[in-house]
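One structure is given below, encoded as structure tokens.
The values are calculated or read from the model by the stated rules, or taken from the named source; none is laboratory data. This structure is a prediction, so every number in the text was calculated from the model and none was measured. We place every Cβ from the backbone using ideal geometry, glycine too, and count neighbours over all the protein chains shown.
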């Protein structure tokens, strides 16, 4: 198959002049140590992808989530993979600027992807990228829950998800339910039915002035754990306040908003970003070297992630984890429009998935 691999490909890349993205002809990346070359069949768009268009250097290949077929093996793979295996995962910025999911081909590290289990359609598998990895990182690593079939001891305990209709939120609802939690979520009214269909026990309108009190009344004074998938000033206030005196830990994502210690000083607040699993320090803002945003790599995060990705097919197949709702779009040419729609707030409750190849 190697003889049929072209030297160049089409890819959606950072365009510094336009402060956006453009479709260009770029070299096909070559897999190195512990890497495989994948022909991308479907690429999925994350809610924050449009924000990355003005952060990276010109020519950086964009996109994270993917599903496709291995067509070439690098050297010294850490996981036994073979040509023609169907795999999915997230192409994370930081290691290589010449590889991303918004392209015809990408390279990925062998132990940070997973084989697509039978029964999961490949276009649905593309949604198990950044969001799925983040849920694993939060729930199983940072919050130290055990993998299924283990259940928590207190079957009356609640888990809180703010921003439940997001990609992360929909996966986390299912994982928390598998562990035995009752799940309290915050979302917009138009998403109530969606989050309930993924297993949420109760949904509160995050715009309600008494949202925190509603949560405390429902849970009998709070919950042990939570994830705030939005992580702005209001969401951090509501999420931390809803944990109450029972609260142990809240995970959040990087944002300018300060930690809500003045609202609930008893809880541990942990900032989560999936790129830390790469094990190396990453500068997310190379265009502004005087004000770098450095994400520190962690050997412990990488070790966890490698184990989690190998566990992923079993969790999906044995416990019926559902993919995000998908909105299938055209190829690479459609991505710029999709990113603009995400930026304009016109994408909600579904994941834009682009068909890249057959």
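Is it the case, given these coordinates, that residue 210 is over 22 Å from residue 153 (Cα atoms) and buried (at least 21 other Cβ atoms within 10 Å of the Cβ)?
On the way: over 22 Å from residue 153 (Cα atoms): yes; buried (at least 21 other Cβ atoms within 10 Å of the Cβ): no.
Judged against the criteria, residue 210 is not a match.
Determine whether residue 133 is touching a residue at least 40 places away in the same chain (Cβ under 8 Å), in contact with a strand residue (DSSP E or B) (Cβ under 7 Å, 6 or more places away or on another chain), buried (at least 24 other Cβ atoms within 10 Å of the Cβ) and assigned to a helix (DSSP H, G or I). For residue 133, the condition - touching a residue at least 40 places away in the same chain (Cβ under 8 Å), in contact with a strand residue (DSSP E or B) (Cβ under 7 Å, 6 or more places away or on another chain), buried (at least 24 other Cβ atoms within 10 Å of the Cβ) and assigned to a helix (DSSP H, G or I) - is met. Considering (1) within 19 Å of the chain's Cα centre (by Cα); (2) on the phi > 0 side of the Ramachandran plot, the lone condition that residue 119 does not fulfil carries the number (1). Of the strands (runs of 3 or more DSSP E) lying entirely inside the range 204-280, those carrying at least 1 residues that are in contact with a strand residue (DSSP E or B) (Cβ under 6 Å, 6 or more places away or on another chain) and under 13 Å from residue 185 (Cα atoms) are 225-228. Residue 68 meets the stated requirement of being over 17 Å from the mean Cα position of the chain (by Cα) and buried (at least 22 other Cβ atoms within 10 Å of the Cβ). In this structure, residue 305 does satisfy being outside the structural domain of residue 211 (by TED's automatic domain parsing) and surrounded by 15 or more Cβ atoms within 10 Å (Cβ to Cβ). As a summary of the residue check, residue 311 satisfies the conditions (1) touching a strand residue (DSSP E or B) at 6+ places or on another chain (Cβ under 9 Å); (2) more than 21 Å from residue 167 (Cα to Cα); (3) in contact (Cβ under 8 Å) with a residue 40 or more places away in the chain; (4) surrounded by fewer than 19 Cβ atoms within 10 Å (Cβ to Cβ) except for the one numbered (2).
Each row is one residue, and each column tells you yes or no for (1) surrounded by fewer than 17 Cβ atoms within 10 Å (Cβ to Cβ); (2) part of a strand (DSSP E or B).
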{"position": "152", "(1), (2)": "yes, no"}
{"position": "156", "(1), (2)": "yes, no"}
{"position": "160", "(1), (2)": "no, yes"}
{"position": "165", "(1), (2)": "no, no"}
{"position": "171", "(1), (2)": "no, no"}
{"position": "174", "(1), (2)": "no, no"}
{"position": "184", "(1), (2)": "no, yes"}
{"position": "191", "(1), (2)": "no, no"}
{"position": "194", "(1), (2)": "no, no"}
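Applying the set (1) at pLDDT 95 or above; (2) surrounded by 17 or more Cβ atoms within 10 Å (Cβ to Cβ); (3) under 30 Å from residue 291 (Cβ atoms) to residue 20 leaves exactly one unmet item: (2). Which one of the conditions (1) surrounded by 20 or more Cβ atoms within 10 Å (Cβ to Cβ); (2) touching a strand residue (DSSP E or B) at 6+ places or on another chain (Cβ under 6 Å); (3) in contact (Cβ under 8 Å) with a residue 60 or more places away in the chain does residue 326 fail to meet, given that it meets all the rest? All conditions are met except number (1).
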